[in-house]
Structures are given as C-alpha cells and as structure tokens.
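Asker: Dropping the structure in here first, questions after.
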Amino acid sequence: MKVTLQAKPLAAALGLAAGMLDARLKRIVALEHARLTTEGDRLAITANVLDFALKLSLPAVIEAAGGVAIRSEQLAALAAGFPGDAEIAISSDETMASIVCGRSRYKLPTLPIADLPETPVIDQESGCIEVGRNELLTLFSKPSFAISTEATRYYLNGIHLHDTDAGLAAVAADGQRLARIILPGVTGLSKDRRLIVPRPAIKLLLKLLADREVEVLTLRRSMALIEITSTKFTFIGKLIDADYPVYERLIPVSTDNTALVDRAALVRAIARIAAVTPDDKRTPLVGLTWKAPKKALQLCVPDAPEIADDPIEAKVSGRGRLAVQIKHMAQLLDELGSVCVRIDAGGSAGSAILVTDPDDANFTIVQMPYLWSAQASQAA
C-alpha cells in the first residue's frame, strides 16, 4: 500500500479513532490499532472497540492499493506534529509502515490485519430512516444531559429512540430529570423500546455530527445494532440490551399553575442565588414561588429566606412553590436554549415540574422537585 494525503484530516480522523478507547480497553493491543485500507480514490480508516466501530473516509492519492494496521494514537500524534496542509505519504510492507513528509522519514510497527476484530454488520434490518445532520444532532444533543451514569440502572445509560404518533422521539432520564425531543413526521426506525444508544457512542456521534460537511445520514437498526452512515463516516454499535421503561407516565399533564419568564433573566437570577448560598449546603437549592395576580417569580434559598429574596418579572397563573437543585436548573435552562421558559408546578406539592419552551412543543423536560422543608436535602 502507498497513499498520500494531508496531515490535518489524517490527524483528526486518527484522533477520533484513538479517543474511542477507554483505559480498560487500552490493554488490548488489537483495539489500539486502526485499519487503513484503500477504497477507490480514498483512504478508509476503521477502528473497532468491540461495543462500536467507526469507519472514516478521507480523500487521498492512491499509488498502490492495499491495507495496513497501525496504532492509531501513535500515527495521530505524528500527523498532528506537521502543518495541517503538509502532504504525508504512508507505505507499508509486511511488518513496518513508512511515513514520509518532506525530508522527514519515520518507521512504525504494524499488526497483521487478520488480528483485528471483525466489524459487526446488520443482517436483519428492522428499521431505516434518512435525516439531516442538524436534525440528528438535535436528537442526540438535546436530551443527552439527562442520561444516567448509574451502573445499576444500565438501561438508562443511553438515549432511547422510538417512533411516536408525532414523529421520532429521543429520550433520556436519570431518575431526577427526563428530557424528550420529537422530530416531527419522521417514523420507521423503531417500533419497540429496545433501541437504546449507549452514552459512549452518543459522545462519539456528537463529535462526528459537529462536521458541517455532513449533510444527510442514513440510520439502520437490527435488534442488537444501530448503523449511522454518511458520505464521510460509518458508525455501527451495539445497543443496550434492555427494554426502556414506559417513561410517558412520568410526563405530567399541563396545569394552570405556571410561570412564563425570560430564560436569560432566570439564568442570571439563579446565578445570584448560587453566589449567596452558604457553603455548608450539601445540595444547593433554589426556591421558586409565584402567586397570581402578582406578576413576578420570586427566587430564594429554601429554608433560609433571610439570605435572598430576588423577584424577576414573569407572567404567572395559579400558584407555585418548588425547590430544585441549582446545578440541575441551570443545566436544563442551558439545554432549553429558548427565549422564554414555561415552568409548570403541577397540581400538588411534590408534583413533577414540567419545563418547556412555549415556542417549541417538541422539546419537553421533566424535573423532580426537592422537599421544601427541614429535609430539603432529600429528593421528593
């Protein structure tokens, strides 16, 4: 094999491949290696870490077809050491790879391609759709903050995709909050509750989808795998082997106990509450209260009203009195990204809080409140 290509895309692709490995997998020599193979006028770089595999396609000048397996982290570091537009030539024999850039020459050991794990393939497709990059980026990024990291509830350690009457839904939950976004009018990918994409795969996919040159993607699935393909990459990974819970029953119905407030103003007010919250508070909380006809949302430190009383302008109906972790409230407001935010306190004390963008009915966040009492540090 002999190919020539630019340093910057080569370093970026190999960096993605190397980043797929965690500390546990780095002990497996075969997984440290990426397979470089020629395909027409392009160089394909394939990395496999057992739970998922990634194939990236780069433009290249092909002088001799073939393939080689090289340690991805090592070649990525070498390529990154050259100017981005530098031309790197890679050639190989049975045991070594030669890397040449200008007058610089290097030798790297290789591994027999036969020693690398086989890339899984979907043999019994059960769903397939095409979506745009921005749409898929939204599906994976919006709910990702709510993915659980608790190992005992492994079925919550990813994003669940499934068809609904309104479109394709992406859902994440961690027991304290739930986030769902719906892509209207798109169906045909999953009619069951077993399409759960694991958190490590989501992190990699978000990096891949940051590339604005990616336009349209094809999603295919079987009972155990999901495949996402574009003109620049192919990702295939194992799904979490579980049924996702029936989360719909956790989404409360809307009530008349609501506050509509400017999101940026609320973010600033929460930051002010965080600034004055005593350091001895194990779980810093923000208290939110309102009562019509007064047109204000009052923020305070629960169980310490003397510390802060911070009213901001709001359009309110009914009444609300709730407490939420400051970090959770700040995070969900950041993910909402809207001009205004509607907070629905529910119909009774301890009800789940419904947080929505009044201009986007497709994105819903459910936040569990904290007890507003002497036991404010314990979740309701």
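Since every read-out is calculated from the coordinates, none of them should be taken as a lab result. These numbers were taken from a predicted model, which means no experiment stands behind them. Glycine gets a Cβ as well: all are built from the backbone with ideal geometry, and neighbour counts include every protein chain shown.
Asker: For q = 0.07, 0.14 Å⁻¹, what log10 I(q)/I(0) does the chain give under the Debye formula with an equal point scatterer on each alpha carbon and no solvent?
Answerer: So the normalised log intensities are -0.42, -1.10.
Asker: As a quick test, which of the pairs Lys142/Lys327; Lys207/Lys232; Lys55/Lys142; Lys2/Lys107; Lys8/Lys203; Lys281/Lys327 have an alpha carbon distance above 19 angstrom in this structure?
Answerer: On the way: Lys142/Lys327 17 Å; Lys207/Lys232 13 Å; Lys55/Lys142 25 Å; Lys2/Lys107 14 Å; Lys8/Lys203 22 Å; Lys281/Lys327 13 Å.
From the list (Lys142/Lys327; Lys207/Lys232; Lys55/Lys142; Lys2/Lys107; Lys8/Lys203; Lys281/Lys327), the Cα-Cα distance tops 19 Å for Lys55/Lys142; Lys8/Lys203.
Asker: Looking only at GluC sites (Glu not before Pro) in DSSP loops with at most 10 other Cβ atoms within 10 Å, what is the longest site-free stretch of the chain? Mind showing how you got there, number by number?
Answerer: Details: sites that count: Glu94, Glu118, Glu150, Glu213, Glu306.
Segment 1-93 is the longest.
Asker: What ranking, highest mean first, results for peptides 218-224, 12-18 when packing means the other Cβ atoms within 10 Å averaged over each residue?
Answerer: Numbers: 218-224: 17.1, 12-18: 22.1.
In decreasing order of mean packing, 218-224, 12-18 become 12-18, 218-224.
Asker: Let me ask something additional. Mind pulling the angle between the C-alpha long axis of helix 199-209 and the longest principal axis of the chain? Nearest 10 degrees, somewhere in 0 to 90.
Answerer: Between helix and principal axis, roughly 70 degrees.
Asker: Another one. Please give the contour-minus-distance gain from Ile307 to Asp123: 0.36 nm per residue of separation, less the Cα-Cα distance, rounded to one decimal in nm. Intermediate values should be presented prior to the final figure.
Answerer: Working: separation 184, 0.36 × 184 = 66.24 nm, distance 6.22 nm.
Value of the extension gain: 60.0 nm.
Asker: Compute, for the chain, the length of the dipole vector about the Cα centre, with Cβ point charges of +1 (Lys, Arg) and -1 (Asp, Glu) only. Units Debye, rounded to 20.
Answerer: Taking the Cα centre of the chain as origin, the dipole is about 620 debye.
Asker: Once you order the gyration tensor axes a ≥ b ≥ c over the Cα atoms, which shape class does segment 269-369 get: rounded for a/c under 1.5, otherwise prolate or oblate by comparing a/b with b/c?
Answerer: Details: a/c = 1.61, a/b = 1.32, b/c = 1.22.
It comes out prolate by the Cα gyration axes.
Asker: Another question, if that's okay. Using C-alpha positions alone, give me the convex hull volume of segment 1-51 per residue in cubic angstrom. Mind dumping the intermediate values first?
Answerer: Numbers: hull volume 4.4 nm³, N = 51.
Dividing the Cα hull volume of segment 1-51 by its residue count gives 87 Å³.
Asker: Another one. Fewest Cβ neighbours within 10 Å first, please rank Lys107, Lys26 accordingly.
Answerer: Details: Lys107 10, Lys26 13.
Ascending number of Cβ neighbours within 10 Å: Lys107, Lys26.
Asker: With unit charges on the beta carbons (Lys and Arg positive, Asp and Glu negative) and the dipole taken about the Cα centre of the chain, which residue among Ala349, Thr364, Val131 sits farthest to the positive side?
Answerer: Value: Ala349.
Asker: In the Gaussian network model of the chain, springs joining C-alpha atoms below 10 Å, which of Ser91, Ser148, Ser348 carries the largest mean-square fluctuation?
Answerer: Ser348
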